[in-house]
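First up is the structure itself, then whatever we jot down about it.
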Amino acid sequence: MVLSRLAEETKTTIVSAVKGTDDVLSALRGAVKNQITGAFKDVSDVATAGMDSVADVVSGAVSSAGDIGSSITDVAKGALGAAVSAVSDAGEDVFMAVRRASRGAIKGAAETGADVGQVAVSAVEGAIDTADKLGKNTTEFTKEAVIGVVKAADEIGSEVGNTVRSALMSAASLPREVIKSAISGEKES
């Protein structure tokens, strides 16, 4: 799996943005938000190309974790939140953004060889936190995030998909019934 051009650009931007800063995660969130905002301004068809950029930007951010000396789970959570907040600020579909950002987190984790199960849990936690901050429905954000991480994991391979499902179902921090419902509903979509 190779990062897209936008994901590589995002990774480079984030590494540059956090150099010399004391608050790496705040700098990361700002860089992700700026990348998403820029991507939305650069495309006329936000419904497709703009939303595709959400996954690429989050993937690039997550793949930068080692270069910026941060936990990949913290980066995944922060990048997802920043990306969805930027989409919300643009007045676009935040639910689709949650799904795309979650997919990007898994792709970035897989690219670096990180524990995709832990990243999946962090992405879903990030979706829940972001829903609270934006005053949105946490159950819907949770479902979209679960669908996003599971589909991305399945695209990588069935073993990765099983790892992600298991991590989500065993995470004490996540609402088990919502996770279970989303995983079983994902198979139908």
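The values are calculated or read from the model by the stated rules, or taken from the named source; none is laboratory data. What you are looking at is a predicted structure, and each value in this text was computed from that prediction instead of being measured. Using ideal geometry, Cβ is built from the backbone for each residue, glycine included, and neighbour counts are taken over all protein chains shown.
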Subject >> Failed item, numbered, when residue 82 is tested on (1) surrounded by 22 or more Cβ atoms within 10 Å (Cβ to Cβ); (2) modelled with pLDDT of 95 or more >> reply: (2)
Subject >> Test for residue 60: is it under 25 Å from residue 165 (Cα atoms) and more than 8 Å from the chain's Cα centre (by Cα) >> reply: yes
Original post:
So which residues in the range 116-132 are small (Gly, Ala, Ser) and either more than 11 Å from the chain's Cα centre (by Cα) or more than 19 Å from residue 161 (Cβ to Cβ) (or both)?
Top reply: 117, 126, 131
Original post:
When you go through (1) under 24 Å from residue 29 (Cα atoms); (2) in a loop (DSSP other than H, G, I, E, B) one by one for residue 172, which number turns out not to apply?
Top reply: (1)
Original post:
Does residue 129 satisfy the condition of being at pLDDT below 95 and of a type in the set (D, E, K, R)?
Top reply: no
**OP:** Read through the list (1) modelled with pLDDT of 75 or more; (2) out of contact with any helix residue (DSSP H, G or I) (no Cβ under 9 Å at 6 or more places or on another chain); (3) not in a loop (DSSP other than H, G, I, E, B), then give the number of the only condition that residue 91 fails.
**Re:** (3)
Original post:
Hey, among the residues in the range 102-115 that are aliphatic (A, V, I, L, M) and crowded, with 24+ Cβ neighbours inside 10 Å, which one's nearest to residue 157 (Cα to Cα)?
Top reply: 106
**OP:** Note down all Cβ pairs under 7 Å where the first residue falls in the range 124-142 and is farther than 18 Å from residue 103 by Cβ, the second is assigned to a helix (DSSP H, G or I) and among the acidic types (Asp, Glu), and they're at least six residues apart or on different chains.
**Re:** 138/132
